[in-house]
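Have a look at the structure below, then the notes.
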Amino acid sequence: MATLFLDIVTTSSMLFIVAAGLMIILGVMKLINFAHGAFLTVGGYSAHVVTDAGFNAWLTIPAAAVVGFVLGIVVERIILRPLYDRPLDAILATWGLGIVIAQIITFMFGRGVQFAESPISGTADLFAITYSSWRLILVAVAVALGIALTALLYFTRFGLNARAVIMNENLARGLGIDSVRVRALTFGLGAALACAAGALITPLLSIDPNMGLPWLVNSFMLVLVSGVAIPGLALASLLLGGAQVLVSTFVSPIIGGITIVVLAAVILRIKPQGLSRG
């Protein structure tokens, strides 16, 4: 029972970490970033390159975040900014970008499976059982990430400007807020979070050009259920992630793989605005 409890908590934490970047971009930019899975994959390969070069495995996370931020800024400036007046085209552009990134990765690294060294290996004793140390660390990372994003949005100038853009972008521009800069920084932040998430989950998984695809689907459903809010995302990750673990454990791992999508569809049918909205 203790193992099952820890599986639920750690799986929910992983889902929260992975979905956070997608939620930030959708919340501020009103843009569904279908390249989110590709950014996760870039983060995984960044971790592989860092550890394969002999650097400390702890450097994989900041390195992936820097790569993601730079890539996000470039993508926003060159691809997305000209399409802000055509939202559907912008969404399709992110979908196409995800395909391009996957092909570039395949060209550079091949289709074979790669691995990255974990910053911490082994197990820890908790609740009279031994459990993966890295999975436990991800719980702390998820909590720290939730607190950091809340502080960023509510206690910084960037957060104030971002919330103004969310509420009424035209009015925000009229008040002197540079909404173009807010959008650029937001996409860069979202991409950085996605790449960092890829580096964080890589020690538990293998790396391949399509590793981000299943995470993209689950992240998208979680963000919709959350109502695009940090507390809602935490609750959605816990509820749907917990259900996934339970179904995978007691019914079938195959059915467990589609649990989040099915339950999200049911919740959105009952409560279309998500868990954080009335």
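In the set (1) assigned to a helix (DSSP H, G or I); (2) surrounded by fewer than 23 Cβ atoms within 10 Å (Cβ to Cβ); (3) among the hydrophobic types (A, V, I, L, M, F, W, C); (4) in contact with a helix residue (DSSP H, G or I) (Cβ under 9 Å, 6 or more places away or on another chain), the condition left unmet by Val50 is number (2). Taking Ile177 as the residue in question, decide whether it is at pLDDT 95 or above and over 18 Å from Gly72 (Cβ atoms). It is false that Ile177 is at pLDDT 95 or above and over 18 Å from Gly72 (Cβ atoms). In the set Ala164, Ala192, Ala184, only one residue is within 13 Å of the chain's Cα centre (by Cα) and of a type in the set (A, V, I, L, M, F, W, C); that residue is Ala192. Count of the stretch 156-194 residues, restricted to those that are open to solvent by 10 Å² or more (accessible area, probe 1.4 Å) and either more than 30 Å from Thr41 (Cβ to Cβ) or free of Cβ contacts under 8 Å to residues at least 24 places away in the same chain (or both), is 18. The residues of the stretch 212-240 that are part of a loop (DSSP other than H, G, I, E, B) and on the phi < 0 side of the Ramachandran plot, listed by number, are Gly212, Ala229. Scanning the stretch 241-260 for residues that are part of a helix (DSSP H, G or I), more than 19 Å from the chain's Cα centre (by Cα) and among the hydroxyl-bearing types (Ser, Thr, Tyr) turns up Ser248, Thr249. Looking only at residues of the stretch 121-144 that are outside any strand (DSSP E or B) and surrounded by fewer than 14 Cβ atoms within 10 Å (Cβ to Cβ), we find that the one that is farthest from the chain's Cα centre (by Cα) is Ala128. Of all residues in the stretch 248-262, those satisfying the criterion of being under 19 Å from Ala19 (Cβ atoms) and in contact (Cβ under 8 Å) with a residue 40 or more places away in the chain are Gly257, Ile260, Val261. Screening the stretch 250-278 for residues that are open to solvent by less than 80 Å² (accessible area, probe 1.4 Å) and of a type outside the set (A, V, I, L, M, F, W, C) and picking the one that is modelled with the highest pLDDT gives Thr259.
The values are calculated or read from the model by the stated rules, or taken from the named source; none is laboratory data. Quick caveat, the model's predicted, so the values are computed rather than measured. Because the Cβ atoms are built from the backbone with ideal geometry, glycine has one as well, and the counts that use them run over all protein chains shown. Accessible surface areas use protein heavy atoms only, side chains included; no ligands, DNA or RNA. Shrake-Rupley method; radii C 1.70, N 1.55, O 1.52, S 1.80 Å.
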